[in-house]
Amino acid sequence: MSDALAVREVMARYVRAADRRDSDAMAALFTEDGRVEILYDKNGPEIMLGVLEGREAIAAAVRNMMAPHAPRAWSHHTTHDAIVEINGDRATLDAQFIVFSVRGEEKPVSGWPPGAQGAQGVITPIESGYYRPELKKSADGWRITRLRIHHDLPMAFAQAE
């Protein structure tokens, strides 16, 4: 597999780990001292929303900060138009992303109504922006050293009580 394809695969594994809320799979994509920076940068200077430092902090965030999916619900993180640059054992990737919320309808006890056909539910885009990871190649393959997540929409966070 070419290095460019291997770097794209790291991003593909990242979005699947996020969708599955798989903290172990997510942490394995980062170097031990990997870093995630979450930013909002539209119509002004970058606003740092949060930083995660180290594989353990990244895994803990997936376990504790990402809401579990409701019954018949899922998320799909998709990436588009990846630009990969390789420089020896270092690489960067710049990809657009959209996160979709998928919510399936519950089948009524009496069955689907007459005329119903196909998928039953709603798919809604809920986030968009850019993933900009920096990666390093080692004997274990490509790992993310730093991931900057640039959100297109402002973010609200629950207030601690």
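The values are calculated or read from the model by the stated rules, or taken from the named source; none is laboratory data. It should be emphasised that the depicted structure is a prediction, and the values quoted were computed from it without experimental measurement. In this analysis, Cβ positions are derived from the backbone assuming ideal geometry, glycine residues included, and neighbour counts consider all displayed protein chains.
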Condition test on Arg90, is it crowded, with 16+ Cβ neighbours inside 10 Å, out of contact with any helix residue (DSSP H, G or I) (no Cβ under 8 Å at 6 or more places or on another chain), modelled with pLDDT of 95 or more and not polar (S, T, N, Q)?
no
Taking region 38-74 and the residues there that are assigned to a helix (DSSP H, G or I) and of a type in the set (Lys, Arg), the one that is farthest from the chain's Cα centre (by Cα) would be Arg55
Just one listed residue, out of Arg8, Arg35, Arg16, is among the charged types (D, E, K, R) and part of a strand (DSSP E or B), and it is Arg35
Flagged in region 78-95 as assigned to a strand (DSSP E or B) and farther than 25 Å from Leu153 by Cα, in numbering order, are Glu85, Ile86, Asn87, Arg90, Ala91
Taking region 137-156 and keeping residues part of a loop (DSSP other than H, G, I, E, B) and surrounded by 10 or more Cβ atoms within 10 Å (Cβ to Cβ) leaves Asp152, Leu153, Pro154, Met155
On the given criteria, is Ala27 touching a Lys or Arg at 6+ places or on another chain (Cβ under 6 Å) and assigned to a helix (DSSP H, G or I)?
yes
Condition set at pLDDT 95 or above and within 20 Å of Arg132 (Cβ to Cβ), scope region 40-60, selection surrounded by the most Cβ atoms within 10 Å (Cβ to Cβ): answer is Ile58
The residue from Glu134, Glu105, Glu85, Glu161 that alone is at pLDDT below 95, acidic (Asp, Glu) and surrounded by 11 or more Cβ atoms within 10 Å (Cβ to Cβ) is Glu105
Those residues of region 96-126 which are over 18 Å from Ala70 (Cα atoms) and outside any strand (DSSP E or B) amount to Val109, Ser110, Gly111, Trp112, Pro113, Pro114, Gly115, Ala116, Gln117, Gly118
